[in-house]
Amino acid sequence: MVKADIKLWWLIAAVFAPAPLCAQYYFDSTYIKKYYNQSVWSLYQNYNNHSLFISQRYVQDTASESRLQAMAESLTDVGFSYADEKRVIAFNLYSVPYQPSERKPPARALNIMLSQISGPSVVEMGANWFTGYFEQNSENVLPGFNDSAAFYRYEGSHTLNTFMNFMHFSNRRKFSYGAVYRGNALQKKSASSFVSYAGFNHNNLRSDSVFIPPAVRNRYDRFAQLNKLSNTYFSMGIGYSGTLVIAKVFFANLTLMAGPGLQYQRLGFADTESDSGDLNLLLHGDLRTSIGFNFPHFYILSASVVTFRSYNMDRMSVTSGHLLNQFTIGLRLNRRGKVF
């Protein structure tokens, strides 16, 4: 009879146990603390830059005089984010030029990101937009360029990148990605995890005139009049993420992912109304770092994300690089029900 009563109580506990208790089966509470029924409100400041590394293989160029590095950089004055144990939304409210200078054009960057967290998996969706490109290697395209001269400007050029990324972490019991990048959990002890990911992206570069500067245009053969470049691609890869924790408060994380992708590419030219399309391979990589302090009711976080995409083209190389440095201060508040 006693054994029957014990079994009955175990059955009742299993059926009516609250979600946090059930969730203990999926993670080790000595390594991870979840902030159930709490929302995380944060303000952040960004430094963004987007670069396009361009070179050609039509004319031998041992001195790299035709290599280009178009760059747009800006400082996001204020950004806002909300997070809980399942979702994240972040967007910047205002963007101003980074170190305003007469040498560089005024740049702007807009970013928005939505994230859904389900156990060991994270889905990220969002978009970023850049304008105000200048030529980092202006000595290649401007005669007599020096340290006081204005950089070459890519007038009317802008890019829009939309993305959806899926990441799955193998060490679901001891490792929390949200703890070191979202502030919606606490990593109590050092831990690491293998990562598998897949991504779907669309990148669109447009120029009001011609993108290749006049001084090196004759070296780029059929790409001399390029003014549109769009890439839609699917990529997959693997990686590794590790977090160092000291005294349950200080943390530092390094995450690296890389892999191949398949892209559909469309090119547009200023001297013709027709576009050309091609299907080929690309290489994609992602490097993420974070360092900060995680306290019971607030956290301080400095994170960096470096993303590169190497687009395969006929006798021309284009690599897109995006650098994001973010400083965040977040506050955790109790909540009831859904906020969004």
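Structural remarks
- Single residue of segment 284-336 satisfying the filter (among the β-branched types (Val, Ile, Thr) and over 27 Å from Gln265 (Cα atoms)) that is surrounded by the most Cβ atoms within 10 Å (Cβ to Cβ): Thr328
- Residue list for segment 206-235, filter: assigned to a helix (DSSP H, G or I) and either free of Cβ contacts under 8 Å to residues at least 12 places away in the same chain or not aliphatic (A, V, I, L, M) (or both): Pro214, Arg217, Asn218, Arg219, Asp221, Arg222, Phe223
- Taking (1) surrounded by fewer than 21 Cβ atoms within 10 Å (Cβ to Cβ); (2) farther than 24 Å from Leu279 by Cβ in turn, Gln225 satisfies each apart from (2).
- Contact map, segment 268-283: residues that are of a type in the set (A, V, I, L, M, F, W, C) and surrounded by fewer than 10 Cβ atoms within 10 Å (Cβ to Cβ) paired with residues that are part of a strand (DSSP E or B) and at pLDDT 85 or above, Cβ distance under 7 Å, separation 6+ or inter-chain. Pairs shown: Leu279/Tyr264.
- Note on segment 183-205: residues that are in contact with a Gly (Cβ under 9 Å, 6 or more places away or on another chain) and either within 30 Å of Ser317 (Cβ to Cβ) or in a loop (DSSP other than H, G, I, E, B) (or both) total 9.
- Filtering segment 48-73 to residues that are of a type outside the set (Val, Ile, Thr) and either touching a Lys or Arg at 6+ places or on another chain (Cβ under 6 Å) or surrounded by fewer than 14 Cβ atoms within 10 Å (Cβ to Cβ) (or both) leaves Ser55, Gln56, Arg57, Tyr58, Gln60, Ala63, Ser64, Ser66.
- All positions within segment 247-256 that are in contact (Cβ under 8 Å) with a residue 60 or more places away in the chain, touching a Lys or Arg at 6+ places or on another chain (Cβ under 8 Å) and at negative phi: Asn253, Thr255
- Every residue from segment 116-143 that is touching a Pro at 6+ places or on another chain (Cβ under 9 Å) and in a strand (DSSP E or B): Thr131, Gly132, Tyr133, Phe134, Glu135
The values are calculated or read from the model by the stated rules, or taken from the named source; none is laboratory data. All values reported here derive from a predicted model rather than from experimental measurement. Every residue, glycine among them, receives a Cβ derived from its backbone with ideal geometry; neighbour counts consider all protein chains shown.
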